[in-house]
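This report concerns only the one structure given below.
The numbers here are math on the coordinates, done by the rules we state, and not lab data. All of these numbers come straight from a predicted model, not from anything done at the bench. Using ideal geometry, Cβ is built from the backbone for each residue, glycine included, and neighbour counts are taken over all protein chains shown.
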Amino acid sequence: MLLRILNLLLTTFVIHAEPLKLPATSIGHPAAGKRVAATPSEYQGTKVHHMLYLPSDWEAGKSYPLIVEFTGNYSPASGSTGEVKDAALGFGLTGGKAIWLTLPYISKDGLKNEVTWWGNTQATIDYALKNVPRVCQQFGADPKRIILCGFSRGAIGVSYLGLHNDNISKLWSGFVTHDHFDGVRQWRKPWGSPLAKYQKEATARLSRLNGRPVLICQNNSTKETRNFLSGRIPLQNVTFLDIPISTIFPPFPNPIAPHPHTDRWPLLPSPARDTARQWFQKATQTK
């Protein structure tokens with residue numbers, strides 16, 4: 001009974017709490033406090049693009065941490081569009097105090113962003129390999145303080161794409177996943193089944209972590225992912241964070257998120273958000 005009362009009080013507080021407002025998207029040159037769509041030279045004439053946000057205190061010549069994000073699948077039921085413009089996890093995790101780059105998945109024809117699953121995996125990896133260093137060079141993102149994050153499809157992509165080979169795996173300083181994880185369950189796709197084969201491939205990708213910090217978030221419980229990882233990789237640098245979605249949000253659907261499977265949870269205040277932000281600050285602190 002006491003727990004139910006506490007949960008009700010917390011939910012009531014959140015209903016009246018002011019959510020973190022995502023920056024509006026625009027076109028044009030990046031500037032402090034702006035989030036803009038950008039198409040690199042290799043994709044001029046196509047609809048392929050990424051989103052780049054510079055924090056409100058951004059100044060040329062200064063150094064900033066960088067959070068790079070892969071979005072979830074197109075899924076109307078959960079409110080996920082699969083579009084780079086609608087990402088939220090990276091901004092929520094950092095409170096807008098880092099450079100935020102949302103990367104596309106490249107469609108198989110190379111002409112647009114793919115909103116469902118992987119499209120052309122190699123093209124997507126090559127896009128990251130070109131554009132993450134560009135953001136570092138052009139806007140002061142510190143190449144030693146780059147965190148890769150993702151929600152749902154993107155959470156799987158943190159490993160499936162981010163640790164796909166030795167070249168791309170070297171970009172990152174740490175990793176954050178929310179809802180799903182590479183290798184935990186079988187998918188009805190050639191890349192994710194049969195389960196034994198998929199888990200063997202995922203384990204090989206995870207071997208490229210090389211002790212870098214990982215934050216694994218999951219609605220309700222990370223137990224399934226913890227069980228999968230136990231015995232496959234050392235866990236001393238892995239942090240598991242159970243996200244009590246039902247106590248962070250008003251009843252679903254609500255104006256912020258229509259479904260508990262959501263990347264919007266860091267937009268609202270909660271102990272889980274505090275923990276995640278503390279993890280980010282520690283993982284990106286200058287040494």
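Taken across the stretch 258-281, residues that are within 17 Å of G92 (Cα to Cα), in a loop (DSSP other than H, G, I, E, B) and out of contact with any helix residue (DSSP H, G or I) (no Cβ under 8 Å at 6 or more places or on another chain) do not occur at all. Note on the stretch 160-190: among residues that are among the small types (G, A, S) and either touching a residue at least 60 places away in the same chain (Cβ under 8 Å) or assigned to a loop (DSSP other than H, G, I, E, B) (or both), the one that is surrounded by the most Cβ atoms within 10 Å (Cβ to Cβ) is G162. Screening the stretch 99-122 for residues that are farther than 15 Å from H50 by Cα and not charged (D, E, K, R) and picking the one that is surrounded by the fewest Cβ atoms within 10 Å (Cβ to Cβ) gives Q122.
On the basis of being polar (S, T, N, Q), surrounded by fewer than 21 Cβ atoms within 10 Å (Cβ to Cβ) and over 24 Å from G162 (Cα atoms), does N254 make the cut? In short, yes.
Annotation: of all residues in the stretch 35-52 being more than 15 Å from C136 (Cβ to Cβ) and touching a Pro at 6+ places or on another chain (Cβ under 7 Å), the one that is surrounded by the most Cβ atoms within 10 Å (Cβ to Cβ) is V48.
Each residue in the stretch 53-74 was checked for being in contact with a Lys or Arg (Cβ under 8 Å, 6 or more places away or on another chain), more than 16 Å from T284 (Cβ to Cβ) and surrounded by fewer than 22 Cβ atoms within 10 Å (Cβ to Cβ), and 1 pass.
For the stretch 160-211, name all the residues that are of a type in the set (F, W, Y), under 15 Å from the mean Cα position of the chain (by Cα) and under 26 Å from P260 (Cβ atoms).
Step one: list which residues in the stretch 160-211 are of a type in the set (F, W, Y), which gives 160, 172, 175, 181, 187, 191, 198.
Filter again for under 15 Å from the mean Cα position of the chain (by Cα), leaving 160, 172, 175, 181.
Those that are of a type in the set (F, W, Y), under 15 Å from the mean Cα position of the chain (by Cα) and under 26 Å from P260 (Cβ atoms): Y160, F175, F181.
All of L267, L215, L229, L241 fail the test of being out of contact with any strand residue (DSSP E or B) (no Cβ under 7 Å at 6 or more places or on another chain) and aliphatic (A, V, I, L, M), apart from L267.
Across the stretch 219-232, which residue is farthest from the chain's Cα centre (by Cα) among those that are surrounded by fewer than 16 Cβ atoms within 10 Å (Cβ to Cβ) and in a loop (DSSP other than H, G, I, E, B)? Within the stretch 219-232, the match that is farthest from the chain's Cα centre (by Cα) is G231. Listed by first and then second residue, the pairs with beta-carbon distance under 7 Å, at least 6 apart or on different chains, first residue in the stretch 79-93 and of a type in the set (A, V, I, L, M), second part of a helix (DSSP H, G or I), are A88/L267; L89/P266; L93/P266; L93/A276; L93/R277; L93/F280. A search for C-beta distances below 6 Å between a residue of the stretch 141-159 that is among the basic types (K, R) and any residue that is in a strand (DSSP E or B), counting only pairs 6+ apart in sequence or on different chains, returns R145/P65.
Flag set for I216, criterion: touching a residue at least 24 places away in the same chain (Cβ under 8 Å) and surrounded by 20 or more Cβ atoms within 10 Å (Cβ to Cβ).
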